[in-house]
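The values are calculated or read from the model by the stated rules, or taken from the named source; none is laboratory data. The structure presented is a predicted model; accordingly, all values stated were derived computationally and were not measured. No Cβ is skipped: glycine too gets one built from the backbone with ideal geometry, and neighbour counts run over all protein chains shown.
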Amino acid sequence: MRLILVGPPGAGKGTQATRLVEKYGIPQLSTGDMLRAAVAAQTPVGLKAKAVMDAGGLVSDEIVVGFIRDRTAEEDAKNGFILDGFPRTLAQAEALDQMLNENGLKLDSVLELRVDQTQLVDRIIQRAADAKAAGQPVRKDDDPEVFKQRLEAYNRDTAIVVPYYEKSGLLSVVDGMQSIDEVSASIETVLQGLDETV
Ligand code: AMP
């Protein structure tokens, strides 16, 4: 099964992706995680990406498409994957289509976690507080000001991928304002509906 989770930062894509990994045994491919690993390892890509990420902007299509190209070719992704945070631009969505086509593969579903953006900033402040209370590091880009930049980047560059997938009939909208368990249940309902065709 090949899935995409799309939605603004803080919509819960990462949380739901983790649950889907457990349930379906396919890997979560998060370009955000890959970039953070590159930053931590101080690779040339990481060094280039750091300032953009810290400011809440988007890293170049070329870099993230390269990550996804390499990662989807790995053995554990052969039976499927969950894309979290990719594609984030129309060019990335088109590159993904091309990549899949070249390999005779298809996406099964694109799940949009739709949320009330006015509540997202509160949610992100909570996420930072929870991480702190659990003794975990707080993401630098979860700072409310940087978060607003990430939200702007979503509305400017990423929101357009939703109609792109709607046109291809792959899109299902899930109410991301529900509880985590309810969102998981809604996703499950969508995926069960795919069973006959997957
Ligand atoms: P995330 O963990 O998905 O919220 O990503 C954290 C940051 O990494 C984003 O704010 C961007 O700066 C960068 N990033 C992650 N995925 C992408 C992508 N597909 N395209 C461009 N930049 C990305």
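Structural remarks
- Scanning the range 46-62 for residues that are without any contact (Cβ under 8 Å) to a residue 40 or more places away in the chain and either among the aliphatic types (A, V, I, L, M) or within 8 Å of the ligand (Cβ to nearest atom) (or both) yields L47, A49, A51, V52, V59, S60, D61.
- Qualifying residue in the range 38-45 (condition: within 11 Å of the ligand (Cβ to nearest atom), touching a residue at least 12 places away in the same chain (Cβ under 8 Å), of a type outside the set (F, W, Y) and not in a helix (DSSP H, G or I)): no
- A93 vs. criteria closer than 22 Å to Q149 by Cα and touching a Pro at 6+ places or on another chain (Cβ under 6 Å): yes
- Any hit, the range 136-155, residues being at pLDDT 95 or above, away from the ligand (no atom under 12 Å from the Cβ) and not in a strand (DSSP E or B): yes
- Restricting the range 63-90 to residues that are within 10 Å of the ligand (Cβ to nearest atom) and assigned to a helix (DSSP H, G or I) leaves a set whose member that is surrounded by the most Cβ atoms within 10 Å (Cβ to Cβ) is V64.
- One residue alone among I187, I125, I160, I180 is aliphatic (A, V, I, L, M) and buried (at least 17 other Cβ atoms within 10 Å of the Cβ), and that residue is I187.
- Residue pairs meeting the criteria (Cβ under 9 Å; at least 6 apart or on separate chains; first surrounded by 16 or more Cβ atoms within 10 Å (Cβ to Cβ), in the range 15-31; second assigned to a helix (DSSP H, G or I) and of a type in the set (F, W, Y)): L29/F67; T31/F67
- Checking every residue in the range 170-186 against the condition of being in contact with a Pro (Cβ under 7 Å, 6 or more places away or on another chain) and in a loop (DSSP other than H, G, I, E, B) gives zero matches.
- Filtering L107, L96, L100 for residues that are surrounded by 15 or more Cβ atoms within 10 Å (Cβ to Cβ), more than 12 Å from the ligand (Cβ to nearest atom) and either among the small types (G, A, S) or at pLDDT 95 or above (or both) leaves a single hit, L107.
- Within the range 17-30, at least one residue is within 7 Å of the ligand (Cβ to nearest atom) and either assigned to a loop (DSSP other than H, G, I, E, B) or within 20 Å of I124 (Cβ to Cβ) (or both).
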